[in-house]
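Contents: one structure, followed by commentary.
Derivation of every value follows stated rules applied to the coordinates shown; laboratory data play no part. These numbers were taken from a predicted model, which means no experiment stands behind them. Cβ atoms come from the backbone with ideal geometry, glycine included; neighbour counts cover every protein chain shown.
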Amino acid sequence: QGQDLSKDKVILGSGSLDFGLTVRSNTDIEVPATTNITLTDADDDLSLQVATVSTGFLNNLSTDAEAALFTGVVGDIDYEFDFLADVDADLDIRGTLNARNVQLGASATIDIDNAGLGLGGLQLAFIYANSSANVDIGSGAQINATGDLGVHAMSNLRAIASLSALSGQDAGEADAALSAVILSSDAVAQVRADADISAAGAFDLIADNV
């Protein structure tokens, strides 16, 4: 799928629940400071997971308004890239979570392979890909896990630029088929100083760049 030029967010409200709860989203999740989610049964688990995936899109924005929107979302990257992929996955915890096992995760994945773009003889001058995953347990957050607590941020960036994928061109044309590939990948899993964390079992805090 392509990267959208807009950003939604799932904002969770309070609840006292007598069952396990799993929330999976392809856009950001926020637990505000006013939210208290409590799973009342001793064997109930809580899982909040953000997963975003992109194969990018062509930078063929035709109007000034579209270009301004792109710059507002992606930022001024100082290059006229022909192909872009820019994804981030954010899980922000500011409120209170009470459950047995608590799993908090954010993953951002970019998979670019110019053999699968279906661009025919189009030559790419620049490719830009930025992948970011962040789990932030903020100041004032309270998490009480009577079992295990897992916090995992993963940024997975894969890019293949194959000249052989550009069919129907002679060797001279293929030499100029790709000028530059710029890749950036970042994963952060953090607990702020004023957060109150309690886990009776294991506490795993993991950030992976794959």
Exercise. How much net charge surrounds ASP18 when only other residues with a Cβ under 15 Å from its Cβ are counted (Lys, Arg +1; Asp, Glu -1)?
Worked result: -3
For this session: Please work out how much length the chain gains when fully extended from THR38 to VAL188, using 0.36 nm per residue of separation minus the C-alpha to C-alpha distance, in nm with one decimal.
Result: 51.4 nm
Seminar exercise, completed: To the nearest 0.05, the calculated FRET efficiency linking LEU17 and ALA159 through their beta-carbon distance, R0 being 30 Å, is 0.10
